[in-house]
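S.K.: A single structure is presented below for examination.
The values are calculated or read from the model by the stated rules, or taken from the named source; none is laboratory data. This is a predicted model, so every value here is computed, not measured. Here Cβ is always computed from backbone atoms with ideal geometry, including for glycine, and neighbour counts include all displayed protein chains.
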């Protein structure tokens, strides 16, 4: 990846090697590449960098990537560079391109035997790198992970647990600030689809473990400080649920064929529970307006959303248009109808952002909407009725995927029958074409024969002599 507008600064302060003996009989001589990514963390970047500078293990190269910060992060970094005692530091600045692309760019510059990514709003305990290295030496692990502590509360943000691949599919417990053996990485990179979304670390470590058989090992002798920031990608991000589940589905989809049991278990755990939570307390909103006015929160009827429901409502005579919002989240319906209460005549929608499949109505995006024009009817009482698909119980016969699969099978059967009928029709057309060509050939043979042309000439002669 080529950096767009890059400033590079490398500082070599001393060239002496670090050959001190570590704990036990291990010789601590491997180079650790520490990559710090920064975007608008002027408040925290100095503490982050100084925690790396003051590590008990000093054979490290520090690579700082400023992802187009618009605050004073650049000045803080440059001030640190002018004073640091670290033996090897590199600083890169580029226009903002996101965490995933910045980390992928870093792979082109690291030279260490081990790699450690550190986000600039976090910081390390003094012996963090040393303890992770010791664990890597003792266990021959490829990914050494530990627990996370909130520096404001001293409470665990992420507990340390033994490694289990099925458990990892269900819940990520390996943070980005884990020590990685460089030789195990190979060509694996962060997924660009996840840039600006969520779970990029989960996807990266899962790829290393599944595709390169990397061996994760927990380290219980240290931890690092992890800040929970509301305005940070590492905090409670905006649109959390949408981004999280978009990313999670994208990642699980990669392993459906190779790890079906793990994917199924993770899906059932997360989506059945989360969907139940998501649909709980959802509302139906029926907006109404007069001609030439706009829909607004001042003119709305609100009802609870159920699995199966029917809502009766009345409107004044001056109302010409309706907009029905069936919840605020993606939702899937076996049927949805609005009928006049007195006559039972169905009112057809004029527009929807959903997908109609036979009687089904599927809203794959947030904020599902149906629009109705009721200006031509003098009826003012209506009934909205609906039935949702089962989206949580995969074992149920009416689970949405099973229902849609049955419908697709019916459509495929219809297409097959239409195709067969079409082929038969083509055969008949060809038969008629052959018969017509034969009749035409016979006709041409007759009218060009001498038996036909001589009498025709005699007849023409008599006609001219009349």
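S.K.: Say whether the condition of being closer than 22 Å to residue 259 by Cα, within 19 Å of the chain's Cα centre (by Cα) and in a loop (DSSP other than H, G, I, E, B) is met by at least one residue in segment 193-201.
M.R.: For segment 193-201, residues closer than 22 Å to residue 259 by Cα, within 19 Å of the chain's Cα centre (by Cα) and in a loop (DSSP other than H, G, I, E, B): present.
S.K.: Let me ask you something else. Kindly indicate whether any position in segment 229-236 is touching a strand residue (DSSP E or B) at 6+ places or on another chain (Cβ under 9 Å), in the same structural domain as residue 50 (by TED's automatic domain parsing) and at pLDDT 95 or above.
M.R.: no
S.K.: Can you tell me which of 165, 124, 86, 116 is in contact with a helix residue (DSSP H, G or I) (Cβ under 9 Å, 6 or more places away or on another chain), surrounded by fewer than 22 Cβ atoms within 10 Å (Cβ to Cβ) and modelled with pLDDT of 95 or more?
M.R.: 165
S.K.: Same structure again: Restricting to segment 176-192, name every residue that is in contact with a strand residue (DSSP E or B) (Cβ under 6 Å, 6 or more places away or on another chain), modelled with pLDDT of 95 or more and part of a loop (DSSP other than H, G, I, E, B).
M.R.: Passing the criteria: 177, 178.
S.K.: Please identify the pairs in which a residue from segment 160-174 that is free of Cβ contacts under 8 Å to residues at least 40 places away in the same chain has its Cβ atom under 8 Å from the Cβ atom of a residue that is part of a loop (DSSP other than H, G, I, E, B), counting only partners at least 6 apart or on another chain.
M.R.: Going by the 8 Å Cβ cut-off, the qualifying pairs are 167/161; 167/173; 172/199; 173/159; 173/160; 173/161.
S.K.: What is the one condition in (1) more than 22 Å from residue 121 (Cβ to Cβ); (2) buried (at least 16 other Cβ atoms within 10 Å of the Cβ); (3) modelled with pLDDT of 95 or more that residue 223 does not satisfy?
M.R.: Going through the list (1) more than 22 Å from residue 121 (Cβ to Cβ); (2) buried (at least 16 other Cβ atoms within 10 Å of the Cβ); (3) modelled with pLDDT of 95 or more, residue 223 breaks only (1).
S.K.: Modelled with pLDDT under 95, surrounded by fewer than 19 Cβ atoms within 10 Å (Cβ to Cβ) and in contact with a strand residue (DSSP E or B) (Cβ under 7 Å, 6 or more places away or on another chain), is that true of residue 159?
M.R.: Yes; evaluated as a whole, the condition is true for this residue.
S.K.: Name the residues in segment 91-130 that are closer than 18 Å to residue 74 by Cα, in contact with a strand residue (DSSP E or B) (Cβ under 8 Å, 6 or more places away or on another chain) and either outside the structural domain of residue 58 (by TED's automatic domain parsing) or assigned to a loop (DSSP other than H, G, I, E, B) (or both), would you?
M.R.: Result: 96, 97, 98, 120, 122.
S.K.: OK, next. It is to be established whether one or more residues within segment 56-63 are more than 27 Å from residue 113 (Cα to Cα), free of Cβ contacts under 8 Å to residues at least 40 places away in the same chain and either assigned to a helix (DSSP H, G or I) or in the same structural domain as residue 104 (by TED's automatic domain parsing) (or both).
M.R.: We begin by selecting, within segment 56-63, every residue more than 27 Å from residue 113 (Cα to Cα); these are none.
No, there is no match, as no residue in segment 56-63 is more than 27 Å from residue 113 (Cα to Cα), free of Cβ contacts under 8 Å to residues at least 40 places away in the same chain and either assigned to a helix (DSSP H, G or I) or in the same structural domain as residue 104 (by TED's automatic domain parsing) (or both).
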